[in-house]
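**Q** Can you read through this structure? Questions will come right after.
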Amino acid sequence: MKEFPNVYPKEKKALYRLLKVRVQGMIDGVPYITANLANVSALLNEALDDINWVGFYLMGEERLILGPFQGRAACVEIPLGKGVCGTAAAKDEIVVVENVHEFPGHIACDSASNSEIVVPLHRDGRVVGVLDIDSPVFGRFDKEDKEGLLQVAELLDGIILPCYDKRNT
């Protein structure tokens with residue numbers, strides 16, 4: 001059987017519309033949290049240009065715990081309020097950083113990363129994790145990325161359990 005490479009639109013609005021459809025199709029009817037997050041991180045890694053890490057951190061007790069990801073080995077635990085991920089989780093807001101080297105308390109898991117976006121994930125109205133994406137390009141993430149990734153994250157809202165929940169498989 002002949003395989004065809006996936007081709008993704010260069011225009012961001014079209015790209016995120018496609019990603020939203022693909023993510024919805026991946027997770028519909030799949031009850032396995034780890035499998036869903038692994039597939040979503042693989043899809044985003046394949047589809048987004050100029051990134052070097054994409055993955056998830058799940059809420060533990062007062063800290064984020066590394067979940068499924070694509071990229072170099074990463075920090076396993078991040079305290080709430082620390083680094084870009086911990087700040088996004090503690091404030092429950094999307095954080096876009098044009099230059100991570102200027103972000104107070106930045107946690108450098110990969111020295112090649114220069115910009116970052118972190119999107120909180122929710123269940124029952126509370127933060128249960130974050131989607132984290134790093135880029136070697138300064139200023140890589142813009143308003144369209146913020147809006148598009150929020151839509152992708154909203155598809156995951158409600159399916160993720162906190163890391164310390166035994167049902168999180």
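**Q** Taking the conditions exactly as written (surrounded by fewer than 13 Cβ atoms within 10 Å (Cβ to Cβ), in contact with a helix residue (DSSP H, G or I) (Cβ under 8 Å, 6 or more places away or on another chain) and not hydrophobic (A, V, I, L, M, F, W, C)), does GLN70 satisfy them or not?
**A** Here the answer is no, as GLN70 does not meet what is asked.
**Q** Looking at LEU121, LEU155, which one is under 17 Å from SER41 (Cβ atoms), touching a strand residue (DSSP E or B) at 6+ places or on another chain (Cβ under 8 Å) and touching a residue at least 24 places away in the same chain (Cβ under 8 Å)?
**A** LEU121
**Q** Among the residues of region 82-138, which ones are charged (D, E, K, R), closer than 18 Å to GLN151 by Cβ and surrounded by fewer than 24 Cβ atoms within 10 Å (Cβ to Cβ)?
**A** Passing the criteria: ASP92, GLU93, ARG123.
**Q** Go over the candidates ALA89, ALA108 one by one and state the one that is more than 18 Å from ALA38 (Cβ to Cβ) and either of a type in the set (Ser, Thr, Tyr) or modelled with pLDDT of 95 or more (or both).
**A** ALA89
**Q** Of everything in region 112-135 that's within 21 Å of LYS82 (Cα to Cα) and not in a strand (DSSP E or B), which residue is farthest from the chain's Cα centre (by Cα)?
**A** The residue in question is ALA112.
**Q** Which is farther than 22 Å from ASP110 by Cα, surrounded by fewer than 17 Cβ atoms within 10 Å (Cβ to Cβ) and modelled with pLDDT of 95 or more, of ALA14, ALA42?
**A** Exactly one residue qualifies, and that residue is ALA14.
**Q** Please verify whether region 73-89 includes one or more residues that are in contact with a Phe, Trp or Tyr (Cβ under 7 Å, 6 or more places away or on another chain) and either polar (S, T, N, Q) or on the phi > 0 side of the Ramachandran plot (or both).
**A** There is no residue in region 73-89 that is in contact with a Phe, Trp or Tyr (Cβ under 7 Å, 6 or more places away or on another chain) and either polar (S, T, N, Q) or on the phi > 0 side of the Ramachandran plot (or both).
**Q** Pick from region 98-136 the residues that are in contact with a His (Cβ under 8 Å, 6 or more places away or on another chain) and of a type in the set (A, V, I, L, M): which of them is nearest to GLU61 (Cα to Cα)?
**A** VAL128
The values are calculated or read from the model by the stated rules, or taken from the named source; none is laboratory data. All values reported here derive from a predicted model rather than from experimental measurement. Neighbour counts are summed over all protein chains in view; Cβ atoms, including those assigned to glycine, are modelled from backbone coordinates with ideal geometry.
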